[in-house]
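Undergrad: One structure, as structure tokens, below. Some questions next.
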Amino acid sequence: MFIDYAKIKVEAGNGGSGCVSFRREKFVSKGGPDGGDGGKGGDIIMIGDENANTLIQFRYNKLYKAENGVNGSGKNKYGASGKSNTIRVPLGTEIAIIDENGVKQRVGDILHHNEELIVAKGGFGGKGNAHFVSSTNQAPRRATEGRQGEEFVLELTLKLMADVGLVGFPNAGKSTLLSSISAARPKIADYEFTTLEPMLGVVYVDEFRTFVMADIPGLIEGAHGGKGKGIQFLRHIQRTKTLLFLIDINSADPVHDYFILRKELFLYDTKLDKKSSIVVLSKIDTLPEEEREAKLTEVTALFKEKTNEEIIGISSVANMNTNELKNKLYEMIKNATSED
């Protein structure tokens with residue numbers, strides 16, 4: 001099951017309290033204060049894991065705690081620090097704190113394997129009475145308590161990290177394209193909304209060149225406002241380097257379809273308009289062979305007239321122009337990376 005959103009509570013450990021103690025040994029009078037400090041409470045740490053791909057573990061476990069620090073003791077013995085709680089999350093996880101009023105404050109992202117982010121800090125240990133000796137107070141009976149660890153409600157949002165994001169209406173052929181040029185096996189059927197969750201596939205251009213493509217569930221007009229799959233999966237487009245707009249060449253108005261998709265992305269996040277992109281006309285094998293070239297020329301001319309997009313016609317089923325598409329996408333990804 002693909003889960004890309006979760007809300008959890010984290011509680012870092014409390015610091016141990018300092019100790020009030022005095023040295024007591026035979027033949028040693030007035031040995032003086034020797035109370036040790038308390039140990040630090042454990043932290044809550046998020047760590048990136050390239051082998052994880054969903055937030056499903058947080059669906060069943062909502063509370064994460066770290067150990068408290070141990071209290072200090074006599075003979076200047078410091079309390080042990082509490083053990084931190086390390087939580088492994090998929091790469092691309094965005095973390096935010098939600099306060100009691102529902103206001104969100106972004107903490108950070110986990111983008112790399114074994115990258116660590118402290119999301120709740122453990123409390124510092126209290127001071128023992130040995131710290132409070134002065135010329136006017138040789139036998140202090142004062143120690144401080146350990147500080148409380150941080151407690152937060154966290155929102156975890158997974159945004160897939162892919163090089164290419166497939167954008168299109170339901171039944172445009174996105175899953176078929178992904179399955180034909182990668183080892184991914186998304187569900188394919190002749191009804192709308194076959195894809196119910198994002199799918200990733202590694203595309204091999206050749207022996208040494210690869211990239212990752214994400215198939216996003218089909219968009220419809222009004223998706224930015226929650227229609228269809230709505231914003232549930234639009235977030236996964238945000239981290240892609242390149243957008244591939246897949247348009248069914250049999251559409252009554254392919255250019256209009258393209259502008260609707262563009263509009264939905266822009267209304268969701270204006271930054272998406274700045275990503276490099278390509279328009280791919282799918283299902284060209286469904287056109288009669290004698291009409292195919294003329295239809296491609298006609299639709300391509302319409303796009304050239306109204307957009308500045310690169311246009312290519314393909315058939316995923318018949319593997320027509322798919323190698324050309326893979327090479328073109330790889331070059332676009334490489335250029336997008338060098339510009340960042």
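Undergrad: Using the Cα centre of the chain as the reference point, and only Cβ charges (+1 on K/R, -1 on D/E), how large is the resulting charge dipole? Debye, rounded to the nearest 20.
TA: Details: 44 positive and 46 negative charges, 541 e Å.
Approximately 2600 debye in magnitude.
Undergrad: With each label point set 7 Å from Cα along the Cα-Cβ vector, what nm distance links ILE118 and ASN137?
TA: 2.9
Undergrad: Would you please put 206-217, 281-292 in order of how densely packed they are, using the mean number of other Cβ atoms within 10 angstrom per residue and starting with the highest?
TA: Working: 206-217: 17.9, 281-292: 15.8.
My ranking of the peptides, most packed first, is 206-217, 281-292.
Undergrad: What is the packing order of peptides 169-180, 61-72, 93-104, taking the mean over residues of other C-beta atoms within 10 Å and listing the highest first?
TA: Working: 169-180: 22.0, 61-72: 20.2, 93-104: 13.5.
Highest mean packing first, the order is 169-180, 61-72, 93-104.
Undergrad: Then there's this: Just to verify a number: FRET efficiency for LYS30 and GLU145, C-beta to C-beta distance, R0 = 30 Å, to 0.05?
TA: On the way: r = 27 Å, r/R0 = 0.89.
In this case the efficiency is close to 0.65.
Undergrad: So, one more: Could you point to the label whose value was computed as percent of Cα pairs over 33 Å apart for the structure here, given (1) 45; (2) 34; (3) 29?
TA: (1)
Undergrad: Now for a separate question. What shape does the stretch 5-158 take by its C-alpha gyration tensor, where a ≥ b ≥ c are the square roots of the eigenvalues and a/c under 1.5 counts as rounded, a/b above b/c as prolate, and the rest as oblate? Can you show the working numbers first?
TA: Working: a/c = 3.93, a/b = 2.90, b/c = 1.35.
Taking the square roots of the gyration eigenvalues as a ≥ b ≥ c, the stretch 5-158 is prolate.
Undergrad: Between helix 289-306 and the chain, what is the angle of the helix's C-alpha long axis to the longest principal axis, kept within 0 to 90° and rounded to the nearest 10?
TA: Around 60 degrees separate the two axes.
Undergrad: Restricting to DSSP H runs of at least four residues, report the calculated mean residue ellipticity at 222 nm for the chain, -39500 (n - 2.57) per run over all residues, nearest 500 deg cm²/dmol. Walk me through the numbers before you get to the answer.
TA: On the way: 6 runs with 67 residues, N = 340.
It lands at -6000 deg cm²/dmol.
Undergrad: So how far apart, in nm, are the two label points at ASN319 and ALA80 if each is 7 Å from Cα heading toward Cβ?
TA: 6.1
Undergrad: Evaluate the relative contact order of the chain (contact order divided by residue number), counting alpha-carbon pairs under 8 angstrom at least 6 apart; express in whole percent. It would help to have the intermediate numbers written out before the result.
TA: On the way: 905 pairs, mean separation 52.5, N = 340.
For the chain, the relative contact order is 15 percent.
Undergrad: Give the angle, between 0 and 90 degrees and rounded to the nearest 10, that separates the Cα long axis of helix 254-268 from the longest principal axis of the Cα atoms of the chain.
TA: 10
Undergrad: Also: Normalised by the residues of the stretch 1-72, what does the relative contact order come to in percent, with Cα pairs under 8 Å and at least six apart?
TA: This gives 50 percent for the stretch 1-72.
Undergrad: Which listed residue (LEU177, LEU154, ALA6) has the Cα farthest towards the positive end of the charge dipole for the chain, taking +1 on Lys and Arg C-beta and -1 on Asp and Glu C-beta about the Cα centre?
TA: Of the options given, the answer is LEU154.
Undergrad: Give the peptides 316-327, 81-92, 7-18 in descending order of average Cβ contacts within 10 Å, highest first.
TA: Numbers: 316-327: 16.1, 81-92: 19.8, 7-18: 23.9.
Result, highest mean Cβ count within 10 Å first: 7-18, 81-92, 316-327.
Undergrad: Sticking with this structure for a sec: Could you grab the relative contact order for the stretch 5-158? Cα pairs under 8 Å, six or more apart, rounded to a whole percent. Each step should come with its number before you reach the end.
TA: On the way: 545 pairs, mean separation 57.2, N = 154.
Relative contact order comes out at 37 percent.
Undergrad: Toward the positive end of the charge dipole of the chain, about the Cα centre and with charges on Cβ (Lys, Arg +1; Asp, Glu -1), which of PHE124, PRO254, VAL299 goes farthest?
TA: Positive-end residue among those listed: PHE124.
Undergrad: Right, next: Return the FRET efficiency for the residue pair ASN250, ASN53: r is the Cβ-Cβ distance, R0 is 30 Å, and the value is rounded to the nearest 0.05. Write out the running numbers ahead of the final one.
TA: Working: r = 34 Å, r/R0 = 1.14.
Between ASN250 and ASN53 the formula returns 0.30.
Undergrad: Let me ask something else. Under a plain spin-label model, where a point goes 7 Å from the Cα along Cα-to-Cβ, how far apart in nm are THR270 and ASN101?
TA: Inter-label distance under the simple model: 2.5 nm.
All of the numbers you see were taken from the coordinates with simple rules; none came from a lab. Just so it is clear, the structure is predicted and the values come from calculations on it, not from any experiment. Don't worry about glycine lacking a Cβ; one is built from the backbone with ideal geometry, like all the others, and counts go over all protein chains shown.
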